[in-house]
Amino acid sequence: MEQPIVPNLDKDYLELEETGGSPPAAQWRDAPRTSDGLAASLVAELRSAGHVMVENLLTPDQVAEMREAATAFMGPRGRQDFEGFNTQRVYGVMAHTDALDPMVEHPLVLDVLDHFLQVNYLLSQVVAINIEPGETEQHLHHDDLLYPIPRPRPPISVATMWSLTDFTEANGGTRFISGSHLWDGRLPDDDDVISHAEMPAGSVLFYLGTLWHGGGANRTDAGRIGVTVQYCQPWARTVENFGLSMDLDRVRECSEEMQSMLGFNIHSNLMGYVDGRHPARLLSD
Ligand SMILES: O=C(O)CCC(=O)C(=O)O
């Protein structure tokens with residue numbers, strides 16, 4: 001069968017042409033963004049274990065600035081067990097502040113994501129989470145539960161969890177079951193070995209959307225603050241509706257790549273249009 005031709009809105013942001021069209025553009029990025037080879041080893045580990053950690057990716061100054069920005073917007077405690085009755089969250093982080101942009105578009109992160117998600121991938125959600133003293137364990141889940149497609153399968157989303165305080169087993173460092181990204185539809189049971197993300201402030205844990213994980217219990221007397229930044233395939237629905245939550249002036253200040261991740265781009269030449277036109281037109285008109 002001949003490849004179906006779809007209209008192309010990408011060329012110089014032209015209007016939809018009645019006669020024009022082209023096959024969808026390339027689906028994977030081929031050039032790495034970083035040059036030290038670290039991304040390749042992280043990708044290999046992420047593929048085999050479903051998670052991988054990089055310590056001290058942020059400087060202490062960045063950690064302090066980001067923690068201050070995130071805590072300024074901390075909301076009330078959770079509304080149900082999943083959010084945590086002793087946990088504060090900041091939803092809509094991107095709309096509130098640009099202080100966390102450097103973690104969202106960190107070149108090492110994007111370099112790793114390029115191996116799991118097709119070009120034009122999207123930011124799915126950014127949530128800052130303060131697990132307070134006395135919080136109990138969040139139940140285990142995997143982020144791709146939102147996509148009702150049978151497992152085993154490649155992930156549709158990939159998450160990062162950035163530590164803005166030290167993460168320990170005692171203060172609620174993210175729990176996860178190594179290798180569970182490869183499971184079929186089975187659920188965790190008491191025999192599964194649960195690991196904890198223990199990492200200094202300024203570090204990042206990557207985990208695939210198919211990895212079973214959850215927040216830990218906090219048995220210390222200080223909060224555990226982290227930011228989860230999640231990304232998904234360009235053809236999947238995002239958890240957070242950035243198109244509605246972001247002020248256009250804020251989006252205009254973002255890099256072109258960030259604008260694309262926020263949905264101000266199209267995929268397969270057509271998905272994501274606004275009134276039949278490229279959505280980036282909203283930023284320039
Ligand atoms: O806070 C954590 O460590 C994990 C949180 C999480 O997985 C979630 O809220 O979906």
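The values are calculated or read from the model by the stated rules, or taken from the named source; none is laboratory data. The structure presented is a predicted model; accordingly, all values stated were derived computationally and were not measured. Don't worry about glycine lacking a Cβ; one is built from the backbone with ideal geometry, like all the others, and counts go over all protein chains shown. Surface areas here come from the heavy atoms of the whole protein model, side chains and all, with no ligands, DNA or RNA. Shrake-Rupley method; radii C 1.70, N 1.55, O 1.52, S 1.80 Å.
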Next item on the list: Would you tally the residues in region 229-265 being within 13 Å of the ligand (Cβ to nearest atom), open to solvent by 10 Å² or more (accessible area, probe 1.4 Å) and within 24 Å of ILE177 (Cβ to Cβ)?
Entry: 2
Note to self: Exactly one condition in (1) touching a helix residue (DSSP H, G or I) at 6+ places or on another chain (Cβ under 6 Å); (2) of a type in the set (Ser, Thr, Tyr); (3) surrounded by 22 or more Cβ atoms within 10 Å (Cβ to Cβ) is false for SER178; which is it?
What the structure shows: (3)
Next item on the list: For region 55-88, enumerate the residues that are in a helix (DSSP H, G or I), under 20 Å from the mean Cα position of the chain (by Cα) and not basic (Lys, Arg).
Entry: GLN62, VAL63, MET66, ALA69, ALA70, THR71
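Just checking: which of the helices (runs of 4 or more DSSP H) contained wholly in region 224-285 hold 1 or more residues that are under 18 Å from PHE116 (Cβ atoms)?
Details: elements: 242-245, 248-252, 256-261, 281-284.
Because the criterion is at least 1 residues that are under 18 Å from PHE116 (Cβ atoms), the helices (runs of 4 or more DSSP H) in region 224-285 that meet it are 256-261.
For GLY216, indicate whether it is surrounded by 23 or more Cβ atoms within 10 Å (Cβ to Cβ), in contact with a Leu (Cβ under 9 Å, 6 or more places away or on another chain) and in a loop (DSSP other than H, G, I, E, B).
Working: surrounded by 23 or more Cβ atoms within 10 Å (Cβ to Cβ): yes; in contact with a Leu (Cβ under 9 Å, 6 or more places away or on another chain): no; in a loop (DSSP other than H, G, I, E, B): yes.
So GLY216 fails the test.
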Next item on the list: Identify the single condition in (1) surrounded by 23 or more Cβ atoms within 10 Å (Cβ to Cβ); (2) closer than 30 Å to ASP189 by Cβ; (3) in contact (Cβ under 8 Å) with a residue 60 or more places away in the chain that LEU164 does not satisfy, given that it satisfies every other one.
Entry: (2)
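For region 206-261, which residues satisfy the criterion of being polar (S, T, N, Q) and closer than 23 Å to ILE149 by Cβ? Full working, then the answer.
Narrowing region 206-261 to residues polar (S, T, N, Q): 210, 218, 220, 228, 230, 233, 238, 241, 245, 255, 259-260.
Selection gives THR210, THR228, GLN230, GLN233, THR238, ASN241.
Condition check: touching a residue at least 12 places away in the same chain (Cβ under 8 Å), hydroxyl-bearing (Ser, Thr, Tyr), open to solvent by 50 Å² or more (accessible area, probe 1.4 Å) and under 14 Å from VAL52 (Cβ atoms). Does SER195 satisfy that? Full working, then the answer.
Details: touching a residue at least 12 places away in the same chain (Cβ under 8 Å): yes; hydroxyl-bearing (Ser, Thr, Tyr): yes; open to solvent by 50 Å² or more (accessible area, probe 1.4 Å): no; under 14 Å from VAL52 (Cβ atoms): yes.
In short, no.
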Checklist line | THR165 being touching a helix residue (DSSP H, G or I) at 6+ places or on another chain (Cβ under 9 Å), within 13 Å of the ligand (Cβ to nearest atom) and more than 21 Å from ASP111 (Cβ to Cβ) | finding: yes
Item checked: Selected residue (criterion: nearest to the ligand (Cβ to nearest atom)) from residues of region 70-108 that are in contact with a strand residue (DSSP E or B) (Cβ under 6 Å, 6 or more places away or on another chain) and within 22 Å of LEU38 (Cα to Cα) -> MET103
Margin query: Checking the conditions here, which among LEU122, LEU146 is touching a strand residue (DSSP E or B) at 6+ places or on another chain (Cβ under 9 Å), of a type in the set (A, V, I, L, M, F, W, C) and more than 16 Å from the ligand (Cβ to nearest atom)?
Written below: LEU122
Checklist line | Where LEU123 falls short, out of the listed (1) closer than 26 Å to GLN80 by Cβ; (2) touching a helix residue (DSSP H, G or I) at 6+ places or on another chain (Cβ under 9 Å); (3) open to solvent by 30 Å² or more (accessible area, probe 1.4 Å); (4) not charged (D, E, K, R) | finding: (3)
Notebook entry, point to check: Of all residues in region 99-120 being acidic (Asp, Glu) and part of a loop (DSSP other than H, G, I, E, B), which is surrounded by the most Cβ atoms within 10 Å (Cβ to Cβ)?
Noted result: ASP114
Notebook entry, point to check: Which one of the conditions (1) open to solvent by 10 Å² or more (accessible area, probe 1.4 Å); (2) more than 21 Å from LEU57 (Cα to Cα); (3) in contact (Cβ under 8 Å) with a residue 60 or more places away in the chain does THR210 fail to meet, given that it meets all the rest?
Noted result: (1)
Notebook entry, point to check: Of all residues in region 130-170, how many are of a type in the set (S, T, N, Q) and more than 16 Å from GLU83 (Cα to Cα)?
Noted result: 5
